[in-house]
Amino acid sequence: MTDKPNQDQHLNIIDEIEHEADQDLHPLLKKILDNLKPIGLGLGALILLVGAYSGYTTYTGIQANKLTNALGTILLEQDPAKRITSLNQFLQEHPSALSVGPLLELANTAMTSKDYTTAASAWARVADKTEGDIHILASMGQARALSLDGKYKEALTILEAIDTVSAKDFATPLARQIAFVAEQNGDWEKALAAYQELKAAGAVTNTAFLDMKIADIKAKMS
């Protein structure tokens, strides 16, 4: 007979880890937002800033104003499907203009809409165009979208390609994602290593859960 209380506890912890994985995708954006709050910039201004900061704004003067206005109109669209279509069209028509900003919005909208194929593609394009923290964030976003689409092997490949030295500030969320994706993919050695890393780092307060996962994976490997 199944131990129902233990099973429910296990499922609740999985939900918590999944939620934390989603929250962990945005440490850089949160950092930027925290810095921008005193001057009152919103999401639209944020993605424009990221696009400009990343060096992909090649239009100036009247052209830049037109593009900014066009993008602002797209961001006001409440229907996610229509916003995705408009963003894709904008990017096709203006591939070198503010490209990182619209791609971030496309990725975010697609993730919210559970259009994980579009989200993974958008995150991948951001990763290709950027370096440093934004590149790492985008790679993790791509892996998250792939895993939500059930493509665990592809997600694991993306995560393992991230330079762990450069990604030291992302060590905990990266280990969390690898642990989950590797386990779903049946890659017990990598899942075990990631769970052990999380325990050693004291990254998860529920150590009993980590002990359970480590013991369970070791049993599967024996």
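The values are calculated or read from the model by the stated rules, or taken from the named source; none is laboratory data. Keep in mind that this is a model prediction, so the values were computed, not measured. Cβ coordinates were reconstructed from backbone atoms using ideal geometry, including for glycine residues, and neighbour counts include every protein chain displayed. Protein only, heavy atoms only, side chains kept; ligands, DNA and RNA dropped before computing areas. Shrake-Rupley method; radii C 1.70, N 1.55, O 1.52, S 1.80 Å.
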Condition first: among the aliphatic types (A, V, I, L, M), over 11 Å from VAL100 (Cβ atoms) and open to solvent by less than 10 Å² (accessible area, probe 1.4 Å). Now tell me which residues in the range 138-149 satisfy that.
MET140, ALA143, ALA145
Residue by residue through the range 166-180, note down the ones that are open to solvent by less than 70 Å² (accessible area, probe 1.4 Å) and touching a residue at least 60 places away in the same chain (Cβ under 8 Å).
PHE170, THR172, PRO173, ARG176, GLN177, PHE180
Answer yes or no as to whether ILE158 is without any contact (Cβ under 8 Å) to a residue 24 or more places away in the chain, part of a helix (DSSP H, G or I) and not small (Gly, Ala, Ser).
yes
Out of GLU189, GLU183, I need the residue that is of a type in the set (D, E, K, R), surrounded by 19 or more Cβ atoms within 10 Å (Cβ to Cβ) and assigned to a helix (DSSP H, G or I). Which one?
GLU183
Residues that are open to solvent by less than 50 Å² (accessible area, probe 1.4 Å) and among the hydroxyl-bearing types (Ser, Thr, Tyr), drawn from the range 114-137
TYR116, THR118, THR130
I need every pair where a residue in the range 125-152 that is without any contact (Cβ under 8 Å) to a residue 12 or more places away in the chain has its Cβ under 9 Å from the Cβ of a residue that is among the β-branched types (Val, Ile, Thr) and buried (at least 22 other Cβ atoms within 10 Å of the Cβ), sequence separation at least 6 or different chains.
HIS135/VAL126
